Each structure stands twice: as structure tokens, then as C-alpha cells.
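Here is the structure we will look at, set down as C-alpha cells.
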Amino acid sequence: MNSILVLNGPNLNLLGTRQPEVYGSTTLKDIEAACVARGEALGCAVTCQQSNHEGALVDAIHAAKGVHNGIILNAGAYTHTSIALMDAIASVELPVIELHLSNIHAREAFRHKSYIAPVAIGQICGFGANGYMLALDAMKQYLG
Ligand code: DQA
């Protein structure tokens, strides 16, 4: 059975109350429960983690090697700044789908740059919480 890590970065623990006009009103807890349920429907084990700390996210990516078959990553603002996350993804050679609730390309210019995109198999953004379901479907198909 394939195992997929859903990894969320800084400030995503505040989903539900954080700028709901941008990120929606679904909490991270609800998103994680929906991811686990979608995984069950797809025949995949889904594990969810969240950290506000860049190094902890690097550690989680390293620890995924040999444990998970793919990662769905919403790196939050680290998407736009973190060479360390980019290098971690390149190092573990696991398929990563970059995920954002909002359409980062329709927002401020600083959000258009992604350090994750060059090392991801693809990017899903702009579909709110449903993006996690789309990403799980895509990862399932990618892993075969
Ligand atoms: C985000 C988009 C980022 O630009 C922002 O810093 C976030 C959330 C999203 O899911 O839309 O924290 O990754």
C-alpha cells in the first residue's frame, strides 16, 4: 500500500480563522481528517504533519525517505524563500506535489516565485481545501 505524507508549513495551523476570505473557513484538523478519509478511499495510507519551523519541515522531508512514497507539501510562506526546503526535496528523491489553497499566481508578486516548483512533480493551487483532495488523487495516479 502506498503511503503519502501531507505536510503543512507555517501558519497553516491557523486555518479556519486565518484570513478566511483568502484561505477559506475549513480548519487544518478538518482538512487532515478529509485527507485520511480520501486516502482510505484510494487505498493509500495518509499521514499528516504540520510545523511552523523551517528546520522541522526539512527534518520531516528527510524522515519521509524510506517511509512514505510521496509528499503533498503546502510550505506556506517558505515556498517563496526556502532554498533549504528545495534542497531537502531534491535530496530525498521522493515525488512532491506543491499545494496552495490560494492561487499564488493571482496574488502579490512575491508569491509568484516558488522554490518548491522546480523540484516538484507538479503544483495545485487556487482550489482551497479541495486542493488537498485533488493532490491526493494526482499522487495516487502518479504512484500507480
Ligand atoms: C499558501 C500561500 C502562501 O503564499 C502563504 O504564505 C501561505 C499559504 C496557500 O496555501 O495559499 O501561508 O501556501
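The values are calculated or read from the model by the stated rules, or taken from the named source; none is laboratory data. This is a predicted model, so every value here is computed, not measured. A quick note on method: Cβ atoms are made from the backbone with ideal geometry, for glycine too, and the neighbour counts reach across all protein chains shown. Surface accessibility is based on the protein's heavy atoms, side chains included, excluding ligands, DNA and RNA. Shrake-Rupley method; radii C 1.70, N 1.55, O 1.52, S 1.80 Å.
Let me know the shape class of the range 80-144, please: from the alpha-carbon gyration tensor, a ≥ b ≥ c as square roots of the eigenvalues, rounded when a/c is under 1.5, otherwise prolate if a/b is greater than b/c, or oblate.
oblate
Would you please put 4-10, 136-142 in order of how densely packed they are, using the mean number of other Cβ atoms within 10 angstrom per residue and starting with the highest?
Going from most to least packed, we get 4-10, 136-142.
Roll a 1.4 Å probe over the protein chains and send me the accessible area per residue for the chain in Å².
That works out to 46 Å² per residue.
³J(HN,Hα) across the range 28-33 via Karplus (A = 6.51, B = -1.76, C = 1.60, θ = phi - 60°), whole Hz, x for Gly/Pro?
Karplus values, whole Hz, x for Gly and Pro: 5, 4, 5, 4, 5, 5.
Could you compute the net charge surrounding T81? Neighbours are other residues with a C-beta less than 9 Å from the C-beta of T81; K and R count +1, D and E count -1.
0
Place a point 7 Å from Cα of S25 in the direction of its Cβ. Which residues in the range 107-144 have their backbone N less than 19 Å from it?
Backbone N within reach: 127-131.
Expressed as cubic angstrom per residue, what is the convex hull volume of the alpha carbon set of the range 27-79?
Taking the convex hull of the Cα positions in the range 27-79, it is 80 Å³ per residue.
Would you mind calculating the gained length between L134 and S3 on full extension (0.36 nm times residue separation, minus the Cα-Cα distance), in nm to one decimal?
Separation in residues times 0.36 nm, less the Cα-Cα distance, equals 45.5 nm.
Round to a whole number: what % of the accessible area of the range 27-125 belongs to carbon and sulfur, probe 1.4 Å?
54
Which residues' amide hydrogens lie under 5 Å from the amide hydrogen of H100, considering only partners 5 or more residues apart or on another chain, with H built in the peptide plane?
I124, C125, G126
If you build the Cα gyration tensor of the chain and take the root of 5 times each eigenvalue, what three semi-axes come out, in whole angstrom, biggest first?
Each semi-axis is the square root of five times an eigenvalue, giving 21, 18, 14 Å.
Taking the Cα centre of the range 37-118 as origin, sum charge times position over the Cβ atoms of Lys and Arg (+1) and Asp and Glu (-1), and report the length of that vector in debye to the nearest 20.
With only Lys, Arg, Asp and Glu charged at Cβ, the dipole is about 200 debye.
What FRET efficiency comes out for the pair K65/A117, r = Cβ-Cβ distance, R0 = 22 Å, nearest 0.05?
Computed FRET efficiency for K65 and A117: 0.60.
Dividing the alpha-carbon radius of gyration of the range 60-112 by 2.2 N^0.38 Å (N being the number of residues), what value is obtained?
Dividing the Cα Rg of the range 60-112 by 2.2 N^0.38 Å gives 1.22.
Label-point separation (nm) for R107 and Q49, each offset 7 Å from Cα along Cα-to-Cβ?
About 2.3 nm separates the two model spin labels.
Going by accessible area, probe 1.4 Å, with all protein chains left in place, what is the ranking of R107, R38, largest first?
Descending order: R38, R107.
State the Cα centre-to-centre distance between the range 99-114 and the range 12-47 in whole Å.
Taking the Cα centre of the range 12-47 as reference, the centre of the range 99-114 is 19 Å away.
Spelling out what I want: for every residue of the range 68-83, take phi, set θ = phi - 60°, compute 6.51 cos²θ - 1.76 cosθ + 1.60 (Karplus), and round to whole Hz; glycine and proline get x.
Result, rounded to whole Hz: 10, 9, x, 10, 9, 10, 9, 7, x, 5, 5, 3, 8, 9, 9, 5.
Might you report the magnitude of the Cβ-based charge dipole of the chain about its Cα centre, with Lys and Arg at +1 and Asp and Glu at -1, to the nearest 20 debye?
For this selection, approximately 140 debye.
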